[in-house]
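What follows is one structure encoded as structure tokens, with my remarks underneath.
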Amino acid sequence: MDQVQLLTLWIPLLAAGALLVRVGQALAAVGTARAKNAASAAARNLCDLSVTVLAFSLIGVHLLTKGTTARFIGNNADIPINFEALTLHFAAMVLIASGLIAPAVAGRSKWIVPLFGGLLISLLLFPILGRWVFYGWLHGAGLIDIGGALPIHLAGALCGAVAVYWVGPRMGKYNHDGSTSIIPPHQPALPATGTLFMIAGWLPYVMGSTLLHAFDGGAAGGAAGMAAAALNALIAAAAGGVGGMIITRLRYTQDNLSALYTGLLGGAVAITAACGTIAPWQAAALGLIAGVLTPLFAQWLDFKCRLDDPGQVLAPHATGAIIATLGAAVFSPSTLSGKVHAIGVGCLAIGIVAMVAILLSSAVFAALARVAGLRVSEQDEFDGLDLAQHDLNAYPDFQQTMIKSYHLREQ
């Protein structure tokens, strides 16, 4: 079996393993939602997955890899691999980004918000930004981003942040006196368990990205590069968990579960740009920095920016993506002038990706807000989306809720 056949075999297997990330995202979305919205969180995850896979596989992947030889946009992906295998790999990556929208706007948004968010990412954001990063002018300028830290994690997080801004916070989250109410998740063990699934899926995710990068002219690849990427991903995630423990011990003198799993996830994201091109101690450094900064950034978004993110997904992906991009430049195997150039290109890429993601997302969600509205009614939000949109209760034997508006809608 030659190299092309091996590549065509390994890429789909690794992409299938990377789908564990989406399993973890589903568990986290259900656990961080309130009990009255748990079934809705699960349903939206399934619907978003369905729409995103179809849109990207039938249209988005062609925009990403084919159709032009313009240098600014990016050359055709000239990779010796079965096109279906390539599509599967990129689809697994896109699902990570689209999975950030629904948990960020959980509990008060209409169905169209995560669905159109998934369409936006799969048809515009990732094809445009991914082409620039992987094949286009940013790649040619020297950007180091093997696993898609910018077109997947930063773009997905910013798209989610724009959606949160347009939808608005949950009822009772922010008070008139300027204070912020804590609305705890109904089952905090589920996002912790989901994080373990995400870490398990992160290993094949970075392994597949490393292997694909090697066959696209990258320097690191093969069995050694794949093993290094998997080890670095695990080390970075573990270091992120340690960073989360450190910051919560310093601030609260006890462990905070939310900071632990967001720190782990932030550490995992922090390795996606460099993958297996750096040493394990460097991966640990990036993960530790991300683990410390992610909980702080999450609190800043909540208390200062007043962006209500029940799923706690915006901070780890945005923070980790920026650290990943700059860390890959700092630890790149080049001279001092080469590192300075790589850092400059990384900063430029971060700014470009942020601008494109915010502008496109703002245009889409502003249009949706004007045409169809983004929020459910106050009655539906009070009753819970399980009852209002699915006519069921995720916990019928344990949850006893006084429904005030349900029977009014029957009249």
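So how many residues does the stretch 96-154 have that are outside any helix (DSSP H, G or I) and under 22 Å from VAL30 (Cα atoms)?
Residues meeting the conditions: 9.
State the number of residues belonging to the stretch 369-400 that are part of a helix (DSSP H, G or I), surrounded by fewer than 20 Cβ atoms within 10 Å (Cβ to Cβ) and hydrophobic (A, V, I, L, M, F, W, C).
Counting residues in the stretch 369-400 that are part of a helix (DSSP H, G or I), surrounded by fewer than 20 Cβ atoms within 10 Å (Cβ to Cβ) and hydrophobic (A, V, I, L, M, F, W, C) gives 3.
Working only within the stretch 377-411, note down all residues that are of a type in the set (A, V, I, L, M, F, W, C), out of contact with any Ser or Thr (no Cβ under 7 Å at 6 or more places or on another chain) and modelled with pLDDT of 80 or more.
Hits for the stretch 377-411 are LEU387, ALA388, LEU392, ALA394.
Evaluate the following for GLY156: is it without any contact (Cβ under 8 Å) to a residue 24 or more places away in the chain and either surrounded by fewer than 19 Cβ atoms within 10 Å (Cβ to Cβ) or in contact with a Leu (Cβ under 8 Å, 6 or more places away or on another chain) (or both)?
No; evaluated as a whole, the condition is false for this residue.
Please work out if ALA85 is farther than 30 Å from ARG306 by Cβ and out of contact with any Asp or Glu (no Cβ under 7 Å at 6 or more places or on another chain).
yes
Check LEU293 against each of (1) assigned to a helix (DSSP H, G or I); (2) in contact with a Ser or Thr (Cβ under 8 Å, 6 or more places away or on another chain); (3) at pLDDT below 95 and name the one condition it does not meet.
The single condition LEU293 does not satisfy is (3).
Does ILE323 fit the bill of being of a type in the set (A, V, I, L, M), at pLDDT 95 or above and part of a loop (DSSP other than H, G, I, E, B)?
No.
The values are calculated or read from the model by the stated rules, or taken from the named source; none is laboratory data. It should be emphasised that the depicted structure is a prediction, and the values quoted were computed from it without experimental measurement. Cβ: placed from backbone, ideal geometry, glycine included. Neighbour counts: every protein chain shown.
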